[in-house]
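Structure first, commentary second.
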Amino acid sequence: MRRVYLDNNATTPVLPEVLEAMRPYFGERFGNASSIHHHGQETRAAVERARESVAALLGCRASEIVFTSGGTEADNLAIFGLARAGDHVITSTIEHHAVLNACKHLEAKGCEVTCIPVDGRGLVDPADVKRAIRPNTRLIAIMFANNETGVVQPVAEIGRIGAEADIYFHTDAVQGAGKAVIDVNKVGCDLLAISGHKLHGPQGVGALYVRKGTQLEPLLYGGSHERSRRAGTENVPGIVGLGKAAELAIAGFERGDDQGMAAARDRLERELLEIEATGLNGADLNGERAPRVPNTTNIYFDGIDGEALIIALDLKGLAVSTGAACSSGAIEPSHVLTAMGLTRDRAKASIRFSFGKQNAPEDVDFALGLVATTVARLRELSPVWNKVPARTT
Ligand SMILES: Cc1ncc(COP(=O)(O)O)c(C=O)c1O
């Protein structure tokens, strides 16, 4: 059966070049990067080359990159590394749980947390961030791009606000890296998280950019790895893979791959909505008219249960998602979509399509045919669909 994968915000396949770059570090190049003999020097050199590549992707110095076990750890290191009891932290309602739940835990540890709402397009208003600042505000944590909608936040403005008020700014760029060109100096952030498996690198490796001079308390205590910012023997194959993925991402921007991806994404949403418009106008974009990363679209189909649609599509070979992978299977609607003002029903009727470098234009045709027929079939079976009013806006 033909299978098309349009769930690249959950994870991306490792590119063949990445796998090839990693392969020797599972075999003949096995040394511990802290060892001083030949084997250690070989892997140390590979780790430092990867650090240079990740730094090139983010426009920072190699010494400002700390390798972690992924995006979750990078977010946690930024948040727990800076905030102390009595501090105030500003975040947003649409963050990934790696940030939201870390902030919830901060509250239990005696910090105050303000969650900034978003508008109907899924955007944080920088003026709200400014208004939320208190004398004890230590950290602003607002994401670069949302994992469910792809909406890119006004991070440069937020960075300026943070810098003017002398407050640390962390941005979760797990869904931005490799999709949008990121320069930490243009963003004006002090900390920025990325994850290997969202940019065609391996799972279980990520990085935190830490601006020079930022004093972070480590999460892990042990050896003096990563300049004492993250103890533990390095995941050398993973780090090498992340470095290669960063190099390929840079080459992709130079070729304009992101524009090709945006064209495929735009065709999918345009044609899906055209098909819908000939029927009952029961679909629309979530996050419309907001800046977005080029690979993501999130669409609601009224009268449909998103989980049922995903299962039906999967049976026919199309992999998509209702939102964050870690909340799939949960019956609660997406916290991101409800924060944008969608009703519970519309949030539950929403599907995320996310492209990766491996997708071809034919994948759009495959998805178009399948989604249109499956939505129509599920609506026919629905006892409530005819009662759902057509969209009026
Ligand atoms: C925006 C965002 N932040 C953080 C994470 C967590 O990254 P990881 O899976 O590498 O722990 C994810 C993963 O879905 C994400 O989308």
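The values are calculated or read from the model by the stated rules, or taken from the named source; none is laboratory data. No experiment lies behind these values; they were computed from the predicted model shown. Please note: Cβ atoms are built from the backbone with ideal geometry, for glycine as well, and neighbour counts cover all protein chains shown. Heads up: the accessible areas ignore ligands, DNA and RNA and are worked out on the full protein's heavy atoms, side chains in. Shrake-Rupley method; radii C 1.70, N 1.55, O 1.52, S 1.80 Å.
Structure data summary
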item: Karplus (6.51, -1.76, 1.60) ³J(HN,Hα), θ = phi - 60°, over region 33-46, in Hz, Gly and Pro reported as x; result: 4, 8, 6, 8, 7, 3, 5, x, 5, 4, 6, 4, 4, 5
item: Estimated [θ] at 222 nm from DSSP helical runs (n ≥ 4, -39500 (n - 2.57)) normalised by residues in the chain, nearest 500; result: -12500 deg cm²/dmol
item: Projected-area mean, region 271-312, by convex hull of Cα positions, square nanometres; result: 3.7
item: With eigenvalues of the C-alpha gyration tensor scaled by 5 and rooted, region 23-69, Å; result: 22, 11, 9
item: Geometric extent, Cα atoms of region 16-253 - Rg, Dmax (angstrom); result: 17.6, 58
item: Convex hull volume per residue for region 76-164, taking Cα atoms only, in Å³; result: 85
item: Reciprocal of mean inverse Cα separation for region 1-152 (Kirkwood radius, Å); result: 18.6
item: Number of Lys pairs (Cα under 25 Å; 8 or more positions apart or on different chains) in region 16-253; result: 12
item: Rg and Dmax of region 167-308, Cα atoms only, in Å; result: 19.6, 63
item: Other-chain or far-sequence residues with amide H under 5 Å of Leu318's (modelled H); result: Val4
item: Largest to smallest accessible area among Asp166, Asp302, Asp365, Asp258 [probe 1.4 Å]; result: Asp166, Asp365, Asp258, Asp302
item: Calculated Rg and Dmax of region 122-244 using C-alpha coordinates, Å; result: 15.5, 45
item: Region 176-182 - phi-based ³J(HN,Hα) in whole Hz, Karplus 6.51/-1.76/1.60, Gly and Pro as x; result: x, 4, x, 10, 10, 5, 10
item: Taking the chain and dividing mean pair separation by its residue count, relative contact order in percent (alpha carbons under 8 Å, at least six apart); result: 22
item: Extreme residue, positive dipole direction of the chain, given options Thr11, Ile133, Phe26 (C-beta unit charges); result: Ile133
item: Per residue, in Å², the accessible surface of region 16-253 once ligands and nucleic acids are set aside, probe 1.4 Å; result: 39
item: Angle in degrees between helix 97-108 and the longest Cα principal axis of the chain, rounded to the nearest 10; result: 70
item: Region 286-384: C-alpha gyration tensor shape, a/c 1.5 cut-off, then a/b vs b/c; result: oblate
item: Distance between region 1-52 and region 218-253 - C-alpha centres, whole angstrom; result: 10
